[in-house]
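Asks: Below is a structure I'd like to ask you about.
We did not get these values from a lab; they are worked out from the coordinates using the rules stated. Remember, predicted model here, so these are calculated numbers, not experimental data. Counting neighbours? That spans all protein chains shown, and the Cβs are built from the backbone with ideal geometry, glycine included.
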Amino acid sequence: MPSTVTEMAISLWKNLLQTTKERLLQQRRMSLYNGAHGYEEELIKKKLQQFAGGSINLSKEDNGIGILTLNNPKLMNAFTGTMMLELQERVTELENWKDGKGLIIYGAGNTFCSGSDLNAVKAISNSQDGMNMCMFMQNTLTRLMRLPLISVALVQGKAVGGGAELTTACDFRLMTPGSEIRFVHKHMGLVPGWGGAARLVGIVGSGAALRLLSGAARLDPESALRLGLSEETLSSSDETGALEEARAWLSGYTEGPASVIRAVKEVVTAGRELPVEAALRREKDVFGTVWGGPANLQALVRRPKHK
Ligand SMILES: CCCC(=O)SCCNC(=O)CCNC(=O)[C@H](O)C(C)(C)COP(=O)(O)OP(=O)(O)OC[C@H]1O[C@@H](n2cnc3c(N)ncnc32)[C@H](O)[C@@H]1OP(=O)(O)O
């Protein structure tokens, strides 16, 4: 029956096109910049491709927690060009992971991340490349922040420059003893460009953000805790122990059905990012996805008491 086979192939092809179109539309919606802002994505991707090294690895665990590893330990996990490209790919993968509930980001070799690879930075130190790299990273980190996953930056060793900025794209930060977060940009003649300043103000307030950026202050776990930048100081310093503690901490918030946990993150994102009326409308829409849903109906049958 060739015509049936042909029809099936056409229908599959149409579905694939539709899915790809929807995914691209979703990515555009979640991103900040496009061509209208002078952003030249293909150009910067070609440039970044030239600065290779390291990798960004993702493993998705059965408990709904993803583990994203920054892996370039010989440069203190500095972001090479290809790592920036891989980060974008991993974020796309996470956007498509419908069973996901949480995410832990950490660095290989007991240190978090030392920002941009300074070799790449030197080579793209002209204005056009700088602006495009800035918009590329802001797009990626904004999509990361908007994932319907509760995210944690597990800071071991040092989170410096762009590494410090990356921690602010997570919902929470956990620090290990002896670790530090430091916005060193001023000493590089820069300000944050990956969205770190705007997010830092949202986390610690404008006064503290101004002090941290203008003083390029070294934040140890105790100071970060006091400022509300870190949630908790873990007891382990080694990778395995710290990851285990971070998993346990996060699972306190990701316990339960994915549909509900993801909905929680979505209403909070709306509350943080949207004007109040738009946030309320978004909350209403998200509420509609859980009201009368399986978790809600099961709870009604169980009639739990919340004592
Ligand atoms: C919009 C975002 C822009 C930015 O990210 S601006 C900020 C860029 N980052 C930096 O300036 C950090 C520079 N690095 C440092 O200050 C120190 O290396 C750091 C991170 C405090 C670690 O210090 P230590 O623990 O003493 O380790 P170390 O200095 O011996 O480093 C080990 C090897 O890693 C290298 N490295 C560290 N950070 C790097 C980077 N960002 N780009 C390129 N290479 C980097 C470092 O040069 C050293 O290599 P080598 O052993 O000298 O060959």
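Asks: So what is the 222 nm mean residue ellipticity for the chain from helices alone, if each DSSP H run of at least 4 adds -39500 (n - 2.57) and you divide by all residues, rounding to the nearest 500 deg cm²/dmol?
Replies: -17000 deg cm²/dmol
Asks: What size of dipole, in debye to the nearest 20, comes out for the range 68-135 about its Cα centre when the only charges are +1 on Lys and Arg C-beta atoms and -1 on Asp and Glu C-beta atoms?
Replies: 180 debye
Asks: Further question on the same structure: How about LYS305: which lysines have a C-alpha closer than 28 Å to its C-alpha, ignoring those fewer than 8 places off in the same chain?
Replies: Leaving aside lysines fewer than 8 places away in the same chain, those within reach of LYS305 are LYS101, LYS265, LYS284.
Asks: With θ set to phi - 60° and the Karplus curve 6.51 cos²θ - 1.76 cosθ + 1.60, what are the ³J(HN,Hα) couplings of the range 124-138 in order, to the nearest whole Hz, using x for Gly and Pro?
Replies: Those phi angles translate into 10, 7, 8, 5, 4, 5, x, 5, 5, 5, 4, 5, 4, 6, 5 Hz.
Asks: Out of TRP13, TRP291, TRP249, any idea which swings most in a Gaussian network model of the chain, alpha carbons joined below 10 Å?
Replies: TRP13
Asks: Between GLU273 and GLU93, what's the calculated FRET efficiency when r is the beta-carbon distance and R0 is 25 Å? Round to 0.05.
Replies: 0.65
Asks: For the charge dipole of the range 256-306, defined by +1 on Lys and Arg C-beta atoms and -1 on Asp and Glu C-beta atoms about the Cα centroid, which residue among GLY293, VAL276, VAL264 has the Cα displaced farthest towards the positive pole?
Replies: Farthest along the dipole direction, towards plus: GLY293.
Asks: Then there is this: Of VAL204, LEU141, ALA159, which is farthest on the positive side of the dipole of the chain, counting Cα position, with +1 on Lys and Arg Cβ, -1 on Asp and Glu Cβ, and the Cα centre as origin?
Replies: VAL204
Asks: Another one. Pick out which of ALA164, ALA123, ALA36 has the largest mean-square fluctuation in a Gaussian network model of the chain, springs linking Cα atoms closer than 10 Å.
Replies: ALA36
Asks: Hey, in the GNM for the chain with a 10 angstrom Cα cutoff, which one of GLY109, GLY228, GLY38 fluctuates hardest?
Replies: GLY38
Asks: Indicate the gyration tensor shape class of the range 225-293 (rounded, prolate or oblate), computed on the Cα atoms with a ≥ b ≥ c the square roots of the eigenvalues: a/c under 1.5 is rounded; otherwise a/b larger than b/c is prolate and the rest oblate.
Replies: Oblate is the answer for the range 225-293, as a/c is 1.5 or above yet b/c matches or exceeds a/b.
Asks: Let me ask something else. Between GLU61 and ALA295, how high is the FRET efficiency from 1/(1 + (r/R0)^6) when r is the Cβ-Cβ distance and R₀ = 22 Å? Nearest 0.05.
Replies: That pair, GLU61 with ALA295, gives E of 0.60.
Asks: Convert each backbone phi in the range 66-74 into a coupling constant with the Karplus relation 6.51 cos²θ - 1.76 cosθ + 1.60 (shift: θ = phi - 60°), then list the ³J(HN,Hα) values in order as whole Hz, x for Gly and Pro.
Replies: x, 10, 9, 10, 8, 10, 7, x, 6
Asks: In Å and on Cα atoms, what radius of gyration and Dmax does the chain show?
Replies: 20.8, 74
Asks: Classify the range 136-295: rounded, prolate or oblate, from the alpha-carbon gyration tensor (a ≥ b ≥ c, eigenvalue square roots; a/c under 1.5 rounded; otherwise prolate if a/b is larger than b/c)?
Replies: Oblate shape, in that a/c is at least 1.5 and b/c is the bigger or equal ratio.
Asks: How many nm is it between the label spots at LEU16 and ASN34, if each spot is 7 Å from the Cα in line with the beta carbon?
Replies: Going from the LEU16 label point to the ASN34 one covers 2.5 nm.
Asks: Can you compute the charge dipole magnitude of the chain about its Cα centre, using +1 on each Lys and Arg Cβ and -1 on each Asp and Glu Cβ, nothing else charged? Give it in debye, rounded to the nearest 20.
Replies: On the way: 35 positive and 31 negative charges, 134 e Å.
Computed about the Cα centre, the dipole is about 640 debye.
Asks: Where the centre of each part is set by its Cα atoms, how far does the range 118-142 sit from the range 40-114, in angstrom?
Replies: A separation of 16 Å, based on Cα centres.
Asks: Between GLY66 and residues 5 or more places away or on another chain, which pairs have amide H atoms under 5 Å apart, with H built 1.01 Å from N, and which residues are they?
Replies: Close amide H contacts, sequence-distant or interchain: GLU61, LYS101, GLY102, LEU103, ILE104.
Asks: Still on this model: Spelling out what I want: for every residue of the range 233-243, take phi, set θ = phi - 60°, compute 6.51 cos²θ - 1.76 cosθ + 1.60 (Karplus), and round to whole Hz; glycine and proline get x.
Replies: Whole-Hz 3J(HN,Hα) from phi for the range 233-243: 9, 6, 8, 8, 9, 7, 4, 5, x, 5, 5.
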